[in-house]
Amino acid sequence: MTQDDLTIADPKMKAQGVDVFYGDKQAINNVSIDVGTDLVTAFIGPSGCGKSTFLRSLNRMNDTVASAKVTGRIELDGEDIYAPSMDVVQLRARVGMVFQKPNPFPKSIYDNVGYGPRIHGLAPTKADLDVIVERALVRAGLWDEVKDRLLESGTALSGGQQQRLCIARAIAVDPEVILMDEPCSALDPIATAKIEELIHELRGKYAIVIVTHNMQQAARVSQRTAFFHLGTLVEYGKTTDIFTNPKQERTKDYITGRYG
Amino acid sequence: MTFNAAALLLLIAGLALIGWIAGRQRSNLLAGRAGTKLHSRPQYHGWYVALWLFAPAALFLAVWSSVSPGLITNEVLTDEAAQSLPSFGFERGAILSDARSVALDKQDAVRLPAAAPLVQPYADAAHKYAWIGIAAMLALALAGGLYAFTRIKPDFRARTRVERIVMAVLLLASLVAILTTFGIVLSLLFESIRFFQLVSPLELLFGTNWAPQSGAPQPDTFGGIPLFWGTVLIGAIIAMIVAIPIGMMTAVYLTQYAAPVVRRWVKPILEILAGVPTVVYGYFAALTVAPALRNFAVLIGVPNASTESALAAGIVMGVMIIPFVSSMADDSINAVPQAMRDGSLALGATPNETIRQVLIPAALPGVMGGILLAVSRAIGETMIVVMAAGLSANLTANPFASVTTVTAQIVKLLTGDQEFDSAKTLAAFALGLVLFVVTLLLNIAALRIVKKYREAYE
């Protein structure tokens, strides 16, 4: 299995020497990492270690924080995403994001999923949009549950359904990468299991990066794991290696529950 | 010796201070004994004594101050010198008050000869009742103080008692505003009922001719429709056409685009604008905007353009309302969770698309509530319309024409010399009632909408 080799020949995203500052405070220190096209990459580490901050710099969501500053180089298909020529709107259409707390818009289920395709002009006609919405909901494993009530409000769904709706919303604009920021932390175990199953199914169609607190979850869903601690990338490797044979002492301590 | 309520209040306050010290001292003494532990700290015992001393006496003082003049007058009337007084009416009252003024040293000599024999009986009666009042008050104060003083024991719960009294005082204070409003509504209601006995409510609500005359009500002169239309045209249509877009755009700019520095300056300035007295806006409307609009209207050939126009009043009222709308919209947009905004931006929406398609729809209920509150303020606004909209009751959709509003007519009906029981004057109360009911309903609707919306995000 070549894709499980540690070296990634053709990385989807490539970060080199990335620093992130919030005002004077440095949140990320010199992180370099490759994200594989057909892989699920998990970022693990204790609270405040910078894993979410780093994730948010991959689609420039840190731009919305006035004091945030990113240096170093992050590439998407070899293109610098912080270059002046990069259109952040286009970038976010290619690198979608799912948040910690489900955040459906106060619109109908249909309009939630149709929002992205509409603003990007992906669906010239209503029929096209119907197809996109259905495909996204099917992929997100939500279609059977909501197909008879597409016009009901997205906020009326359960927490797990809302999160899958948010995933469908991200899928609908046909991104190349999906970033997930602790997508299950607000969900119960059954809803969590469904999301994990969904991540398995989405693997290969999109490059997926998931931040998680839950090490079992990282072990279950990912092929690559990066361990962050105090703003630095301590260890990055195959998930099986990280969990069974960590090279760094700090990784080992964290995996075995010594801290964090 | 006269009855001086202020001095007496000071006296019992002094007594209360003594009671406070005594109560504290006594509980300190009790606490000094071996084996005793006070339930409440000494100053609560002091307060307990002081309150018992002060409150009943002060209450008596208040009642006595309002009752004793009547008692004194009754006493004077039994005097034989009073038998020659006219039996009732204005003259009798004037003579009595003349005698009272001299007796209480407010006046050097009587102005009416008939009052002279009453001065001495008046002074005697005043003297007598002053002593009765002071004696009763002091007795009450001492009785209260002693009662409280004897109750001081180590395990006496003085603190809970004092706190209960304080709570009662606070409750009373909060009731004052509510009860006063209630009283105002009742008086409005009673005067309106008197009006509706003269003129049918249907005429007021649906009649189209407004030309109230003094004297007996003429048929078909109390039609309120021109007034209601003028109010709606100025307050709910023209003012809102100005205030809603500008207020919303202000809010969007301040919440989404403005640098923190700009926001820190602009938002307080807007809030200060909301506090400018409306009469200042009225001058602006009458002296600057209205003439300019008239010239403009003449220029574009509007027939019979007037210097008093609905447009001038409405535009200036809209400007007045802008801070109100923008502040409500600002709060509503800010209340939309950041996650919603992030969710939209993360899909590759531009800030503009995010505002138009996510933030404003999500904030809309709150914004609507704010707009309803603004409308209710606008239709109750008086000074601007009095100064700029005019007083002629025209039923017209021409914004350059002079129209009048409910509030402007109320001012017109109640100012100047008016007999207080004519239909013309009473009409002001009926109009006030209509205005009150409408603004009340608008406020209730607005608050319900805002509340419901707040719950949705918490």
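Values in this text are rule-based calculations from the coordinates and carry no lab data. This structure is a prediction, so every number in the text was calculated from the model and none was measured. Using ideal geometry, Cβ is built from the backbone for each residue, glycine included, and neighbour counts are taken over all protein chains shown.
Structure notes:
- The charge dipole of the stretch A:200-260, taken about the Cα centre with unit charges on the Cβ atoms of Lys, Arg (+1) and Asp, Glu (-1), comes to about 120 debye, rounded to the nearest 20.
- Among the lysines of chain A, pairs at least eight places apart or on separate chains and with Cα atoms under 15 Å apart come to 4.
- Across the stretch B:164-309, Cα-Cα distances exceeding 21 Å account for 72% of all pairs.
- Tensor-based shape of the stretch A:86-192 (alpha-carbon gyration tensor, a/c under 1.5 rounded, otherwise prolate or oblate): oblate
- Taking θ as phi - 60° and the Karplus parameters 6.51, -1.76 and 1.60, the scalar couplings of the stretch B:271-282 work out to 5, 5, 4, 5, x, 5, x, 5, 5, 5, 4, x Hz in sequence order, x denoting glycine and proline.
- Considering the stretch A:49-129 at the alpha-carbon level, its Rg and Dmax are found to be 15.2, 46 Å.
- Percent breakdown of C-alpha pair distances by 5 Å bin, ordered from the shortest bin, for the stretch B:308-380: 3, 16, 21, 17, 13, 11, 8, 6, 3, 1, 0
- Cross-link partners of residue B:37 among lysines (Cα-Cα below 28 Å; sequence separation of 8 or more within a chain): B:153
- Chain A: most fluctuating residue of A:63, A:80, A:24 per GNM, C-alpha cutoff 10 Å: A:24
- Whole-number Å³ per residue for the convex hull built on Cα positions in the stretch B:189-275: 145 Å³
- Radius ratio Rg over Rh of the stretch B:332-431, counting only Cα atoms, Kirkwood formula for Rh: 1.30
- For residue B:424, a cut-off of 18 angstrom between C-alpha atoms picks up these lysines, skipping any fewer than 8 places away in its own chain: B:412.
- Options A:90, A:124, A:104, ranked by Cα towards positive dipole end of the stretch A:83-143, top entry (Cβ charges): A:104
- The stretch B:212-223 - phi-based ³J(HN,Hα) in whole Hz, Karplus 6.51/-1.76/1.60, Gly and Pro as x: x, 10, 5, x, 5, x, 7, x, 6, 10, 10, x
- Inverse of mean 1/r across different Cα pairs in the stretch A:138-177, Kirkwood, Å: 10.5 Å
- In terms of other Cβ atoms within 10 Å, A:251, B:231, A:37 run from fewest to most in the order A:37, A:251, B:231.
- Projecting the alpha carbon convex hull of the stretch B:258-369 along each direction and taking the average yields 9.8 nm².
- In angstrom, the C-alpha Rg and Dmax of the stretch B:9-147 are 22.6, 76.
- Charged-residue dipole, Cβ positions (Lys, Arg, Asp, Glu), chain A about Cα centre, Debye nearest 20: 440 debye
- Entry note: the stretch B:114-208 has Rg to Rh equal to 1.31, where both radii use alpha-carbon atoms and Rh is the Kirkwood radius.
- Mean projected area of the convex hull spanned by the Cα atoms of the stretch A:114-255, taken over all viewing directions: 9.7 nm².
- Rounded to the nearest 500, the helix-only mean residue ellipticity at 222 nm of the protein assembly as shown stands at -18500 deg cm²/dmol, with each DSSP H run of n ≥ 4 adding -39,500 (n - 2.57).
- Panel values: the stretch A:208-260, Kirkwood radius from alpha carbon pairs, Stokes-Einstein at 20 °C and 1.002 mPa s, translational diffusion coefficient 193 µm²/s.
- All Cα pairs of chain B, percent lying beyond 33 Å: 63 percent
- For the stretch A:22-67, the spread of Cα positions along the three principal axes, ordered from largest to smallest, is 35, 22, 18 Å.
- Look at the alpha carbon pairs under 8 Å that are at least 6 residues apart: their mean separation over the length of the stretch B:61-218 gives a relative contact order of 17 percent.
- Tensor-based shape of the stretch A:173-232 (alpha-carbon gyration tensor, a/c under 1.5 rounded, otherwise prolate or oblate): oblate
- Diffusion of the stretch A:3-140 by Stokes-Einstein, at 10 °C in a medium of 1.306 mPa s and with Rh set to the Kirkwood radius over alpha-carbon pairs, works out to 93 µm²/s.
- Its relative contact order, with pairs defined as Cα atoms under 8 Å and 6+ residues apart, puts chain A at 27 percent.
- Orientation-averaged projection of chain A equals 14.2 nm² [convex hull of Cα atoms, one quarter of hull surface area].
- Reduced Cα scattering model of the stretch B:33-106, Debye log10 I(q)/I(0), q = 0.16, 0.20, 0.21, 0.23 Å⁻¹: -0.75, -0.94, -0.98, -1.07
- Rounded D (µm²/s) - the protein assembly as shown, Kirkwood Rh over Cα pairs, Stokes-Einstein at 25 °C, 0.890 mPa s: 73 µm²/s
- Counting only DSSP beta bridges whose two residues both lie in the protein assembly as shown, roughly 60 percent are antiparallel.
- Placing +1 on the Cβ of every Lys and Arg and -1 on the Cβ of every Asp and Glu, with no other charges, gives the stretch B:236-337 a dipole of roughly 180 debye about its Cα centre.
- For the stretch B:402-407, 3J(HN,Hα) computed residue by residue from phi via the Karplus equation (6.51, -1.76, 1.60; θ = phi - 60°) reads 7, 10, 10, 10, 4, 5 Hz, glycine and proline entered as x.
- Residue among A:184, A:49, A:166 with the largest mean-square fluctuation in a Gaussian network model of chain A, springs linking Cα atoms under 10 Å: A:49
- Choice from A:45, A:237, A:204 showing the highest fluctuation, given a GNM over chain A with Cα pairs closer than 10 Å: A:204
- Toward the positive end of the charge dipole of chain B, with +1 on the Cβ of Lys and Arg and -1 on the Cβ of Asp and Glu, the farthest Cα among B:299, B:169, B:81 is that of B:169.
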